[in-house]
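The values are calculated or read from the model by the stated rules, or taken from the named source; none is laboratory data. Keep in mind that what you see is a predicted model, and the values were worked out from it rather than measured. All Cβ positions, even for glycine, are placed from backbone atoms using ideal geometry, and neighbour counts span all protein chains on display. Only protein heavy atoms, including side chains, enter the accessible area calculation; ligands, DNA and RNA are left aside. Shrake-Rupley method; radii C 1.70, N 1.55, O 1.52, S 1.80 Å.
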Amino acid sequence: MKKALALTVNGEEYEVLADTHRTLLEVLRDSLGLTGTKEGCGLGACGACTVLIDGKASLACLTLAFAAHGKQVTTIEGLAVDGKLHPIQDAAVRFGAIQCGFCTPGWIMSAKALLDENPKPSEHQVKTAIAGNLCRCTGYVKIIESVLAASQGK
Amino acid sequence: MKLPRIDYLEPQTVGEACALLAGGDVLPVAGGTDLVPSLKHRVKAPTAVVNLKAIRDLNYITYSEKEGLRIGALASLRDLQNNAVVQEKYPALVQAAASVGTVQLQNMGTVAGNLCLDTRCYYYNQSSFWRSARPACYKAGGEVCHVVKRSDKCWACYSGDTAPAFMVLGASVKIASSKGERVVPLDKLYSGDGKKPIALAADELVSEIQVPALAANSGSGYTKLRIRKAIDFPLMGAAVWVQLNGGTVKDIRVALTAADSAPVEVAGVAASIAGKAYSEENLAEAMEASYKKARPVDNVIGGSPPYRKRMARVFVKRAANLAVAQAEGR
């Protein structure tokens, strides 16, 4: 059954009609057209669908859309300001931390949640924060380097 | 992977939630990290889910010397490990919560939900397509176990990380229902039946977790065997609580996870070490009792049952070392 769902995504308010069994991921991608957030495993093990819900890194594939009703959602599309990339995105480009790119939106959101909470993390803290984001290209070293560089303003 | 068509209900109070749960073919959900994959796999098929997250005043963690630690049902695993009092007094809870899945799952998943984690099995936690190659197992509503052949029961593995840690700390759970509230020791939450591991009636839910105040000179630790340092469920997990008296052990409690269809307290180990100095030699009997108590079967990926059983000794020792370090103030 379709019901009205109100979400704030990247600072913009949306109201959509959605089936009660939709996940937040489906609403973001299919109803709002925000396809930056990816579906990997769909079961919570890969982290490709990571978004921030009220500032906390969460898995959109396991979040019922209506459980996010009235919440602040931030997706990868919300990071760049006026066409200027977020420092983590910028570092990812400069350090070559992107290969096929599928895991990138997910780990960048995990890294953003980390840096919002802890602006100067240790390497171990970075590794823990992104441990839930699998990269099948296995480019982890450059991912960790780019998050550390972003945190140090490099 | 799509969810089946289900309705979504959002009660505002515990009473409303229990009334909805009593109403029939519905299941409660909080973080959703355990239930939603099961819905996607079509191993659970309610007509509606009851989201508990909108219930007010259930997200708290408080501590007092008189009442001990009280954890509301909606406190997340991340709230638990970031709580300063928990960090100081109950490191086993921090170690257990931090070893659940990933940061995202800890943000979403609740402590109470982790205690109520469904049992898991290689033949059960699979898509309906995958499972369609075999007859349905006991847990999926059938009449066979694919793991223990000719068994008359389900052997699915209890895989929660926080339960053994709460168990050795002597925790109880407050259970709310449409008839009222009751407080039971944590081990009474578990039926031991792999098919229906959580001993709650349809209209009942865990509303609070209660942990006694920390005893003097005591400490706790939790550690688990797994393939990767994140994401994985335990292949074997051990929690130990220990109380020292000068240079000797006064009391010790040991519990295991991923060892059976319920978290297991290894009873009666205190006598073997009480009054003796803490050492691996003096811990040997407790390690051996844990080894004997663990009954892993071949239903999870990552380690053979004999290996996991042997690891019960090793992880009890490691957890005990962590517990003693806290008790000694290190």
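Odds and ends about this structure:
- Top-ranked residue of the stretch B:219-236 - restricted to ones that are part of a loop (DSSP other than H, G, I, E, B) and away from chain A (no Cβ under 14 Å), ranked as surrounded by the fewest Cβ atoms within 10 Å (Cβ to Cβ): B:Leu235
- One residue stands out among those in the stretch B:198-218 that are among the small types (Gly, Ala, Ser) and open to solvent by less than 20 Å² (accessible area, probe 1.4 Å): the one that is nearest to B:Leu52 (Cα to Cα), which is B:Ser207.
- Within the stretch B:90-133, the set of residues being open to solvent by 10 Å² or more (accessible area, probe 1.4 Å), under 20 Å from B:Leu235 (Cβ atoms) and hydrophobic (A, V, I, L, M, F, W, C) comprises B:Ala98, B:Val100, B:Leu105, B:Leu117, B:Cys121.
- Residues within the stretch A:13-48 that are assigned to a loop (DSSP other than H, G, I, E, B), of a type in the set (A, V, I, L, M) and closer than 19 Å to B:Gln104 by Cα, tallied: 3
- Filter result for A:Gln72 (of a type in the set (S, T, N, Q), surrounded by fewer than 22 Cβ atoms within 10 Å (Cβ to Cβ) and in contact with a Ser or Thr (Cβ under 9 Å, 6 or more places away or on another chain)): yes
- Of the residues screened, A:Ala111 is not one that is under 28 Å from A:Arg22 (Cβ atoms), assigned to a helix (DSSP H, G or I), without any contact (Cβ under 8 Å) to a residue 60 or more places away in the chain and open to solvent by 10 Å² or more (accessible area, probe 1.4 Å).
- Scanning the stretch B:1-26 for residues that are within 14 Å of chain A (Cβ to nearest Cβ), open to solvent by 60 Å² or more (accessible area, probe 1.4 Å) and of a type outside the set (A, V, I, L, M, F, W, C) gives B:Lys2, B:Arg5, B:Glu10, B:Gln12.
- Flag for A:Leu134 being in a loop (DSSP other than H, G, I, E, B), closer than 23 Å to B:Val29 by Cβ, facing another protein chain (nearest Cβ under 9 Å) and not β-branched (Val, Ile, Thr): no
- Residue tally, condition among the polar types (S, T, N, Q), outside any loop (DSSP other than H, G, I, E, B) and open to solvent by 50 Å² or more (accessible area, probe 1.4 Å), over the stretch B:173-197: 0
- Residues satisfying the stated conditions in the stretch A:76-108, i.e. away from chain B (no Cβ under 14 Å), assigned to a loop (DSSP other than H, G, I, E, B) and within 16 Å of the chain's Cα centre (by Cα): A:Leu79, A:Ala80, A:Leu85, A:His86, A:Ala97, A:Ile98, A:Gly101, A:Phe102
- Within the stretch A:1-20, if we keep just the residues that are touching a residue at least 24 places away in the same chain (Cβ under 8 Å) and within 14 Å of chain B (Cβ to nearest Cβ), the residue that is farthest from B:Ala48 (Cα to Cα) turns out to be A:Ala6.
- Answer residue from the stretch B:272-330, given it is in a helix (DSSP H, G or I) and polar (S, T, N, Q) and is farthest from B:Gly221 (Cα to Cα) among those: B:Ser272
- Qualifying residue in the stretch A:47-61 (condition: of a type in the set (Asp, Glu), more than 14 Å from every other protein chain (Cβ to nearest Cβ), more than 19 Å from A:Ile143 (Cβ to Cβ) and open to solvent by 30 Å² or more (accessible area, probe 1.4 Å)): no
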